[in-house]
Amino acid sequence: GGGGGGGGGGGGMRPSSQVASSLVALADRNTALISQLVRTEDGADRLVGGAAPSPRPWLRIALMSVGRSSGAEYLLHALRALLQTHPARVSDPLRSSIEIVVVNNHAPPEAHSVLLRAKQLYGGRVVFVEKEAAAARACRATPKVKGDVAKEPVFRQTCDLVGGLEALLAMPPADHVLLMEDDWLVCPSALLALQYLLDKAYAYDEDWLALRVSYGFNGVVVRGGADLRSLRRHLESHPWRRPPDHLLFEWFSGERPDTKAYAAGRSYRVFRHNLFYHIGALSTL
């Protein structure tokens, strides 16, 4: 699993290193183009800067990130791919309605050197926050009981996710939140696909609970506010019992007595294609 989630709960073949390298190179090349001078409508040349996001983003893309002991730069590649598909023109309506956030789940946060570099490179286009350490500590006080299967590293990872979600809840609310791990590349035009998929989700069920466009703890869209808070509570209540991506599924599927009531009458939607490409070869576990 990558930056914030577990590695189970999904299937899928690992990409070949050659294909993954090609995608990384493509993201790098296109991000270089994004940073070049563009001509605005009034005819003035200037660098594409970070337009202030709308007071309530339509979509907040949240990457949970943890540093690797090897120094692997997965986060940089993931951000480059996102910025490649995120509109470069300030006048594009998707530019101001989509906010990209990186949540630093590393401990201590200042030791995440790749994130510090990402902040230097993309601070004008990306928001950087730290997990709520108090929430993570409170989660770690949960006792392990008979029948719990999560091992210590997975338990810590779930509690880090609780702290990361708490940090997102402390931000101004967003209509939707796309949860990501930091070692996935978003596919080209994925944001346009998400716009279409969200429209379809509302057409089928105005009160849908989750939209799946990938696997693991990557590529799930939930509503900001109450739904995100409910997901955080479920993770916080069961950090020893199962890996976090398993807890995610039982939350939106309502398969347990303690999630059935919240999910009652609300559907979850799964896109037939994966909108992300996994490049992580080094797990955080």
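The values are calculated or read from the model by the stated rules, or taken from the named source; none is laboratory data. From a predicted model like this one, the values you see are computed outputs, not experimental measurements. All accessible areas refer to the heavy atoms of the entire protein, side chains included, with ligands and DNA or RNA removed. Shrake-Rupley method; radii C 1.70, N 1.55, O 1.52, S 1.80 Å.
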* To do: Label segment 95-136 by shape, choosing from rounded, prolate and oblate, from the square roots a ≥ b ≥ c of the eigenvalues of the Cα gyration tensor; if a/c is under 1.5 it is rounded, and otherwise prolate applies when a/b is larger than b/c, oblate when it is not.
  => oblate
* Asked: Between Arg229 and Leu192, 0.36 nm times their residue separation minus their Cα-Cα distance comes to what?
  -> 10.7 nm
* Structure fact -> Taking alpha-carbon centroids only, segment 110-185 lies from segment 238-271 a number of Å equal to 19
* Under a 5 Å amide H to amide H cut-off, with H placed in plane at 1.01 Å, what residues pair with Glu99 once short-range neighbours are removed? -> Leu59, Arg60, Ile61
* Asked: Under a straight-distance cross-link criterion of Cα-Cα below 29 Å, which lysines are reachable from Lys119, leaving out those fewer than 8 residues away in the same chain?
  -> Lys131
* Report the extension gain between Asp207 and Ala133 in nm, rounded to one decimal, defined as 0.36 nm multiplied by the number of residues separating them, less their alpha carbon distance. => 23.4 nm
* Asked: If the cut-off is a Cα-Cα distance under 12 Å, which aspartates and glutamates reach Lys144, setting aside same-chain residues fewer than 8 apart in sequence?
  -> Glu152
* **Cα gyration tensor shape for segment 207-285, rounded if a/c is under 1.5, else prolate or oblate** => oblate
* Accessible-area value, Ser97, 1.4 Å probe, nucleic acids and ligands omitted, Å² -> 20
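Give me the percent of the accessible area of segment 202-247 that comes from carbon and sulfur atoms, probe 1.4 Å, all protein chains in place.
Numbers: 720 of 1470 Å².
Of all accessible area on segment 202-247, carbon and sulfur atoms account for 49 percent.
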* **Fully extended contour minus Cα-Cα distance, from Val149 to Leu116, at 0.36 nm per residue** => 8.4 nm
* Asked: Setting aside same-chain residues fewer than 8 positions from Lys146, which aspartates and glutamates have a Cα under 20 Å from its Cα?
  -> Glu236, Glu250, Asp258
